[in-house]
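> This is the structure I want to talk about, given as structure tokens.
The values are calculated or read from the model by the stated rules, or taken from the named source; none is laboratory data. As the structure is a prediction and not an experimental result, all values here were calculated from the model. Neighbour counts run over all protein chains shown; Cβ positions are idealised from the backbone, glycine included.
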Amino acid sequence: MCRFLLYCSATFLCLFVFISCKTANTEIPEAGVSFQLNQQRQKSISGIEYTLELDIPKVKSEAIKGKEIVSFALTDISKPVVLDFTADSSHLLSVKIKGEEADYQFENGHIVLAESSLQKGRNEIEINFVAGDMSLNRSDDYLYTLFVPDRASSCFPLFDQPNLKAVYTFSLKTPAEWEAVANGALLNQTTEGKKKVYHFAKTQPISSYLFAFAAGKFFKTTETVKGREMTMYYRETDAGKVAKNRTEVFRLHAESLAWLEDYTSIKYPFDKFDFALIPSFQYGGMEHPGAVFYNESALFLDENASVNKKMARASVIAHESAHMWFGDLVTMDWFNDVWLKEVFANFMAAKIVHPSFPEINHDLRFLLAHYPAAYEVDRTAGTNPILQDLGNMRNAGTLYGAIIYQKAPIVMRQLERKIGEKLMRESLAEYLKKFFFGNARWDDLIGIIDSKTPLNITEWSNVWVKTSGMPEYNLLSENGPLSIQQATDSVSARIWQQSLHARWKKDDTYSESSLNLVNAKPLLVSGSKAMVFPNSSGVGYGYFRMDTLSRNYFIRHYYDKSEAGMDDPVFRGAMLVNIWEAFLRSDGAEPEVMITAISDMLVKEDNPLLTDYLLGNLHSLWWNFISDTNRQGLQEYMETLLWKRLTTIPDKGIKTSYFKAFKNVVRTADGLAKLENLWNDKLKVKDLVLSEDDKIGLACELVLKGGDQYNRILEKQLGETKNPDRKAKLKFVVPALSNDQTQRDAFFESLKLEENREKEAWVLEGLSYLHHPLRQQSAVKYLKPSLDMLQEIQLTGDIFFPTRWTNTTFAGHSGAEAQKVAQTFLSEHPDYPYYLRNKILQATDMLDRSVKLKR
């Protein structure tokens, strides 16, 4: 008996050790969602449903408790099932299957469920947890989620990858005075003690990054336009401003959705359409189906908003509406194709918006909205292809940038020109129907197009989409006809297939040349010496070199209506882009000569888009490329020029642009006095209406430029600011404005704590004051610590924050000392993450060029 018990005990011990070892040896996935984990789960898991409940306390510092049921079908039980939950281990309270505690491990942000706990077919897991705060964007009286690209798992446990779409049944408890909105339609609203309980309907299948809700002290208003009911949630306290914008905001949404239904032949695919306007929202908008979020200032425009601002509002509304089909209905399979949803949204937005703004030259707007920003990245050593590799979802946020948002639409427009609008529309319709409520890749669309045309679109795509950089074109005249030819490409002799155009002048005659480039053939321009203006249509993408004679002739005769074609704003815009590119590549005029040239052209220009472009280049020249001594010498001249244009230009939108430019360059006592008198309403400029934001900006500029004597204005502005969100933002940035170095140092030190970086827009504004060009010497010491923080910024911030952090940090610097800090950092970190290394190279490219040109 004893021997038998001893034997049984030994056997049990062996089994225990065996089972423990098996559990201990279970392979724990790396942090984040790797491509391997993504593939494994996609093959074995389907039919996912989440029933989720969250309880929001009234006090921001208190934890949000949650519980959920995760239901899914499983085909492979040979491996553990991995859920993602990137909160602290203390936040996971219990995991149960069939009412019993489940066998699981919780490491690297993953809940790993043992195979023995699961079964083939349907499984249900019950989880109690404390929600993580990282992506809940909590303020004292409101919060909103932002889960793109992989941040849903920072809030609650789930399968956080785009190709595991799921349906969500969501309930939310909030303080009694709060409103709430989520993806699903509101089924009912009840009261439980001092709380409201919102029960939302089950959603259609959506990707995890698209699940969303907002709750708090929001106003709301509902309208029905063209038979579609929509509710708008907002925080703006200026009732007059809301009233002036409300009807237009609803109309733009209704028209965008109706246009997309017609273009795609697919009805709006989700149950309802609501949207929330959020102060200091991190993006222009976010396309959550049923609950689109916007930056409030992008939709509630000031009284004197320019046509550019109005069109930007229409564009962002059209962009987010287009995402309902392109991104939400059909979603990229893996986040390396994130550009796919963005390019389609931009592509459709342009088609939607253009007819409503006949006064805008849309070819010019496309040129200036996309090409300069794309070149800003593509000319750098840190450029990247449109379609990038992605090994882990935790790095997905670093894929975003100008290449996705600005270059990709250029490439998509070239594709449509190449295959025609009819074939493009047919291909997109087939794409949407084939992958309805599913996932797709760029190559899936290319396959559809290639099946419909004899053109080799795959070959074209391999260069434009899957390789990085931009082509360069030289003007050749070696004892023969003038021609424009692509320079030798360093990457496998690529040919960038595209249409090239040039205008050229010989004697008094202008001529045009064009070529659909599919090989290394040059574009013939003329048979002998002439002035040549390459890329005259503004359609071609790349660096188009101009000879000095042609460049100077264009500047000298800018907008001379006796010159054929000079009244064409697209031609003027294309040449201005060429000239600016040449300057940045040390292939053009000296900085001081450029300032004079731009000043002369501004006086002749009446197009608001070209005016804004010229003023942007002037800003860069003024603060980054000329010496302090030369700037001082030009100070009075520049203030006089800008003030005269501000006070005499009749166009209200252009007037606003000159107001901002004048405010930006002011240094003289007379200029500061003008700013103060504008702020206190002692000075009025006809048709210049200043908003509360404008007044705040004036107060900040006065303290920055004029010193402590203007602190009284800042204090008064704080007291007079009515909107609580704007007031809170101003309080946050005041230390960064201070003329006391110790206060600025303390502000920067505070940013090392994650909780002080929650309001990213506030942080970026504070950084812009810390690193203002006038303070760059005292701010050099912040550069190295800012770079040291970048990896943490990437892990804790939203998708655009790493790029904006580095760009804002280096934007005000133009000296060799700052350049050395960046170069030393990169050389001392040879194994630094590739994506973030590129962000640094992109952010410091203008710094490198300014140092070189100043020499």
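> Out of N516, N552, which single residue is out of contact with any Phe, Trp or Tyr (no Cβ under 9 Å at 6 or more places or on another chain), assigned to a strand (DSSP E or B) and at pLDDT 90 or above? Break it down into steps so the answer makes sense when it comes.
Working: N552 fails: assigned to a strand (DSSP E or B).
Exactly one residue qualifies, and that residue is N516.
> Let me ask something else. Picking from A345, A350, A408, A322, which residue would you name as being farther than 22 Å from L257 by Cα and out of contact with any Ser or Thr (no Cβ under 6 Å at 6 or more places or on another chain)?
A408
> Determine, yes or no, whether A102 is in contact with a Gly (Cβ under 8 Å, 6 or more places away or on another chain), in contact (Cβ under 8 Å) with a residue 12 or more places away in the chain and in the same structural domain as K195 (by TED's automatic domain parsing). Write out each step before concluding.
On the way: in contact with a Gly (Cβ under 8 Å, 6 or more places away or on another chain): no; in contact (Cβ under 8 Å) with a residue 12 or more places away in the chain: yes; in the same structural domain as K195 (by TED's automatic domain parsing): yes.
It is false that A102 is in contact with a Gly (Cβ under 8 Å, 6 or more places away or on another chain), in contact (Cβ under 8 Å) with a residue 12 or more places away in the chain and in the same structural domain as K195 (by TED's automatic domain parsing).
> From the set of residues in the stretch 147-192 that are touching a Pro at 6+ places or on another chain (Cβ under 7 Å) and assigned to a strand (DSSP E or B), which is surrounded by the fewest Cβ atoms within 10 Å (Cβ to Cβ)? Steps first, please.
Of the residues in the stretch 147-192, the ones touching a Pro at 6+ places or on another chain (Cβ under 7 Å) are 165-167, 183.
This time we only want the ones that are assigned to a strand (DSSP E or B), so: 166-167.
Details: A166: 21, V167: 17.
Out of the qualifying residues, it is V167.
> So M638 clears everything in (1) within 21 Å of A589 (Cβ to Cβ); (2) in a loop (DSSP other than H, G, I, E, B) except one condition, right? Which one?
Among (1) within 21 Å of A589 (Cβ to Cβ); (2) in a loop (DSSP other than H, G, I, E, B), M638 violates only (2).
> Which pairs do you get when a residue that is in contact (Cβ under 8 Å) with a residue 60 or more places away in the chain, found in the stretch 805-820, comes within reach of a residue that is buried (at least 23 other Cβ atoms within 10 Å of the Cβ) and among the polar types (S, T, N, Q), reach meaning Cβ atoms under 7 angstrom, with the pair 6+ apart or on two chains?
S814/S850
Each row is one residue, and each column tells you yes or no for (1) more than 25 Å from P57 (Cβ to Cβ); (2) β-branched (V, I, T); (3) touching a residue at least 60 places away in the same chain (Cβ under 8 Å).
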| site | (1), (2), (3) |
| --- | --- |
| N188 | no, no, no |
| G193 | no, no, no |
| I206 | yes, yes, yes |
| A215 | no, no, yes |
| F218 | no, no, yes |
| T221 | yes, yes, no |
| E229 | yes, no, no |
| D238 | yes, no, yes |
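> Only one of S528, S513, S537 is surrounded by 14 or more Cβ atoms within 10 Å (Cβ to Cβ), over 36 Å from the mean Cα position of the chain (by Cα) and polar (S, T, N, Q). Can you tell me which? Steps first, answer last, please.
On the way: S528 fails: surrounded by 14 or more Cβ atoms within 10 Å (Cβ to Cβ); S537 fails: over 36 Å from the mean Cα position of the chain (by Cα).
Of S528, S513, S537, the one residue that is surrounded by 14 or more Cβ atoms within 10 Å (Cβ to Cβ), over 36 Å from the mean Cα position of the chain (by Cα) and polar (S, T, N, Q) is S513.
> Which of the residues spanning the stretch 340-377 are without any contact (Cβ under 8 Å) to a residue 24 or more places away in the chain and closer than 27 Å to N578 by Cβ?
H354, H362
> Still on this model: Could you list, in sequence order, all residues of the stretch 827-846 that are of a type outside the set (S, T, Y), under 20 Å from L399 (Cα atoms) and either part of a helix (DSSP H, G or I) or in contact with a strand residue (DSSP E or B) (Cβ under 7 Å, 6 or more places away or on another chain) (or both)? Working first, answer last.
Initial filter on the stretch 827-846 (of a type outside the set (S, T, Y)): 828-831, 833, 836-843, 845-846.
Now narrow it down to the ones that are under 20 Å from L399 (Cα atoms): 831, 833, 836-843, 845.
The answer is L836, R837, N838, K839, I840, L841, Q842, A843, D845.
> Just one of L143, L83 is under 30 Å from R726 (Cα atoms) and assigned to a strand (DSSP E or B); which is it? Don't jump to the end; show me each part of the working.
Numbers: L83 fails: under 30 Å from R726 (Cα atoms).
Checking each option against the conditions leaves just L143.
> Which residues, taken from the stretch 464-491, are more than 21 Å from E376 (Cβ to Cβ) and among the aliphatic types (A, V, I, L, M)?
Within the stretch 464-491, L475, L476, L482, I484 qualify.
> Being surrounded by 15 or more Cβ atoms within 10 Å (Cβ to Cβ), assigned to a helix (DSSP H, G or I) and either at pLDDT below 95 or aliphatic (A, V, I, L, M) (or both) is the filter here, so list the residues in the stretch 726-753 that pass it. Break it down into steps so the answer makes sense when it comes.
Going residue by residue through the stretch 726-753, those that are surrounded by 15 or more Cβ atoms within 10 Å (Cβ to Cβ) are 726-730, 732-739, 744-745, 747-748, 750-751.
If we keep only those that are assigned to a helix (DSSP H, G or I) too, we end up with 726-730, 732-737, 744-745, 747-748, 750.
The answer is A728, L730, V733, V734, A736, L737.
> Need the failing condition index for P481 against (1) in contact with a Ser or Thr (Cβ under 8 Å, 6 or more places away or on another chain); (2) loosely packed, with under 13 Cβ neighbours inside 10 Å, just the number.
Here P481 clears every test but (2).
> Right, something else. What number of residues within the stretch 56-85 are in contact (Cβ under 8 Å) with a residue 40 or more places away in the chain, farther than 16 Å from L158 by Cβ and under 31 Å from the mean Cα position of the chain (by Cα)?
Residues flagged as in contact (Cβ under 8 Å) with a residue 40 or more places away in the chain, farther than 16 Å from L158 by Cβ and under 31 Å from the mean Cα position of the chain (by Cα) within the stretch 56-85 amount to 3.
> Something else now. Out of the stretch 26-55, which residues are among the hydroxyl-bearing types (S, T, Y) and modelled with pLDDT under 95?
In the first step, residues of the stretch 26-55 are kept if they are among the hydroxyl-bearing types (S, T, Y); the result is 26, 34, 44, 46, 50-51.
Residue satisfying the conditions is T26 alone.
Conditions tested, residue by residue: (1) touching a residue at least 24 places away in the same chain (Cβ under 8 Å); (2) among the aliphatic types (A, V, I, L, M).
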| residue | (1), (2) |
| --- | --- |
| K722 | yes, no |
| R726 | yes, no |
| F732 | yes, no |
| A736 | yes, yes |
| D740 | no, no |
| E758 | yes, no |
| A761 | yes, yes |
| Y769 | yes, no |
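> So which residues in the stretch 230-277 are of a type in the set (K, R) and assigned to a helix (DSSP H, G or I), if there are any at all? Break it down into steps so the answer makes sense when it comes.
Let us first name the residues in the stretch 230-277 that are of a type in the set (K, R), namely 235, 241, 244, 246, 251, 267, 272.
Within the stretch 230-277, K241, K244, R246, R251 meet the criteria.
> Another question, if that's okay. Is there a residue in the stretch 752-772 that is of a type in the set (D, E, K, R), out of contact with any Gly (no Cβ under 7 Å at 6 or more places or on another chain) and over 29 Å from Q794 (Cβ atoms)? Show your work before the answer.
In the first step, residues of the stretch 752-772 are kept if they are of a type in the set (D, E, K, R); the result is 752, 754-755, 757-760, 765.
The next check asks that each one be out of contact with any Gly (no Cβ under 7 Å at 6 or more places or on another chain); those that pass are 752, 754-755, 758-759, 765.
Okay, now just the ones that are also over 29 Å from Q794 (Cβ atoms), so none.
Checking the stretch 752-772: not a single residue is of a type in the set (D, E, K, R), out of contact with any Gly (no Cβ under 7 Å at 6 or more places or on another chain) and over 29 Å from Q794 (Cβ atoms).
> Of everything in the stretch 301-324 that's of a type outside the set (D, E, K, R) and in contact with a strand residue (DSSP E or B) (Cβ under 7 Å, 6 or more places away or on another chain), which residue is surrounded by the fewest Cβ atoms within 10 Å (Cβ to Cβ)?
Just the residues of the stretch 301-324 that are of a type outside the set (D, E, K, R), to begin with: 301, 304-308, 311-312, 314-319, 321-324.
Those left that are additionally in contact with a strand residue (DSSP E or B) (Cβ under 7 Å, 6 or more places away or on another chain): 316, 319.
On the way: V316: 22, H319: 25.
Among those that are of a type outside the set (D, E, K, R) and in contact with a strand residue (DSSP E or B) (Cβ under 7 Å, 6 or more places away or on another chain), it is V316.
> Looking at the stretch 212-246 only, could you name the residues that are surrounded by fewer than 18 Cβ atoms within 10 Å (Cβ to Cβ) and more than 17 Å from E296 (Cβ to Cβ)?
Within the stretch 212-246, T222, E223, T224, V225, K226, G227, R228, E229 qualify.
> Considering (1) β-branched (V, I, T); (2) in contact (Cβ under 8 Å) with a residue 40 or more places away in the chain; (3) in a helix (DSSP H, G or I), say which one V316 fails and leave the rest.
The single condition V316 does not satisfy is (2).
> Can you report the number of residues in the stretch 403-448 which are outside any helix (DSSP H, G or I) and surrounded by 15 or more Cβ atoms within 10 Å (Cβ to Cβ)?
Final tally of qualifying residues: 4.
> Of all residues in the stretch 564-575, which are free of Cβ contacts under 8 Å to residues at least 40 places away in the same chain and either more than 15 Å from D606 (Cα to Cα) or assigned to a helix (DSSP H, G or I) (or both)? Give the derivation first.
Within the stretch 564-575, the subset free of Cβ contacts under 8 Å to residues at least 40 places away in the same chain is 566-568, 572.
Result: R572, single match.
> List the number of the failed condition for S9; all other conditions in (1) within 30 Å of L172 (Cβ to Cβ); (2) modelled with pLDDT under 95 hold.
Failing condition for S9: (1).
> Exactly one of these conditions fails for L688: (1) closer than 29 Å to L718 by Cβ; (2) in a helix (DSSP H, G or I). Give me its number.
Every condition holds for L688 apart from (2).
> Can I ask one more? Being in the same structural domain as L340 (by TED's automatic domain parsing), surrounded by fewer than 14 Cβ atoms within 10 Å (Cβ to Cβ) and not aromatic (F, W, Y) narrows it down to one of S490, S451, so name that one. First the steps, then the outcome.
Details: S490 fails: in the same structural domain as L340 (by TED's automatic domain parsing).
The conditions single out S451.
> Consider I64 carefully, then state whether it is surrounded by 16 or more Cβ atoms within 10 Å (Cβ to Cβ) and assigned by TED's automatic domain parsing to the domain that holds E192. Talk me through it step by step, then tell me what you get.
Values: surrounded by 16 or more Cβ atoms within 10 Å (Cβ to Cβ): yes; assigned by TED's automatic domain parsing to the domain that holds E192: yes.
Taking the combined requirement at face value, the residue satisfies it.
> Also, quick follow-up: Residue check: is A818 under 23 Å from S468 (Cβ atoms) and part of a helix (DSSP H, G or I)? Don't jump to the end; show me each part of the working.
Details: under 23 Å from S468 (Cβ atoms): no; part of a helix (DSSP H, G or I): yes.
No; evaluated as a whole, the condition is false for this residue.
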